[in-house]
Amino acid sequence: MTCELYLITPPAVPDVSAFVGRLRPVLETGAVAALQLRLKDVDDDEILTVAAAIRPLCHDNDVALLINDRADLAAKAGADGVHLGQQDGTVAEARALLGGEASIGVTCHNSRDLAVAAGAAGADYVAFGAFFATQTKTVVHQASPEILRWAQDFLTIPCVAIGGIMPDNAAPLVTAGADFLAVSGAVWQSENPIEVIQNFQRVMQKEGDHDQ
């Protein structure tokens, strides 16, 4: 499977229309497979407002829209799925709210046991990290590429690599077997998000060709 981008929104979207304007050309590159709406310290209505604004854009570009942490908000927003942290409820609870077609992912830090449990519970993907230092959130669990190699050998569901991933440090993660690279700051903190996306595409293509 070719590695793809899993884009995460910035932690705050103070101007929804401006964000939609920034997001549109990024999604139109065709490089993004999924977009996770991850807003911090805002109320539910704001999350739903942003979700309503970006959902048509996601669907027009064949990008799955997932909501971070909250299966209930994912259901209200009509999102394609939810990403669950270890304290955000069970896969079964999310599945009951969102249905069998929803994409449900689970944060597994650097733990093989958590990944196996998530797969057994019916998760559609697992996420490992952080692989590198990141300004997006405090790094509590450090992961190494070895867990991606293990996942390719022992899991039947895709794995996402997350945490401080940039075009210049992504190659070892792609080589190790990441199905998706979760990126946020690399894109949104850049003055040229499209160039960053294109740089990621080159890395994923190059390393993917090595694995053929």
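The values are calculated or read from the model by the stated rules, or taken from the named source; none is laboratory data. The shown structure was predicted, so the numbers you read here are calculated from the model rather than taken from an experiment. Here Cβ is always computed from backbone atoms with ideal geometry, including for glycine, and neighbour counts include all displayed protein chains.
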Could you go through the range 76-86 and let me know if any residue there is more than 20 Å from Val20 (Cα to Cα), surrounded by fewer than 17 Cβ atoms within 10 Å (Cβ to Cβ) and within 17 Å of the chain's Cα centre (by Cα). yes
Among residues of the range 127-150 being over 14 Å from the mean Cα position of the chain (by Cα) and among the polar types (S, T, N, Q), the residue modelled with the lowest pLDDT is Thr138
Out of the residues in the range 127-150 that are in contact with a Gly (Cβ under 7 Å, 6 or more places away or on another chain) and either free of Cβ contacts under 8 Å to residues at least 12 places away in the same chain or not in a loop (DSSP other than H, G, I, E, B) (or both), which is nearest to Leu35 (Cα to Cα)? Ala127
In the range 95-118, how many residues are among the small types (Gly, Ala, Ser) and over 17 Å from the mean Cα position of the chain (by Cα)? 5
From Pro56, Pro11, residue being of a type outside the set (A, V, I, L, M) and touching a Leu at 6+ places or on another chain (Cβ under 8 Å): Pro11
With criteria (1) in contact with a Lys or Arg (Cβ under 9 Å, 6 or more places away or on another chain); (2) over 27 Å from Leu65 (Cβ atoms), Asp168 comes up short on (1)
Quick one: Gly185 ticks every box in (1) in contact (Cβ under 8 Å) with a residue 40 or more places away in the chain; (2) farther than 30 Å from Ala75 by Cα except a single one, so which number is it? (2)
So, in the range 26-75, how many residues would count as being in contact with a Ser or Thr (Cβ under 9 Å, 6 or more places away or on another chain) and of a type in the set (Val, Ile, Thr)? 2
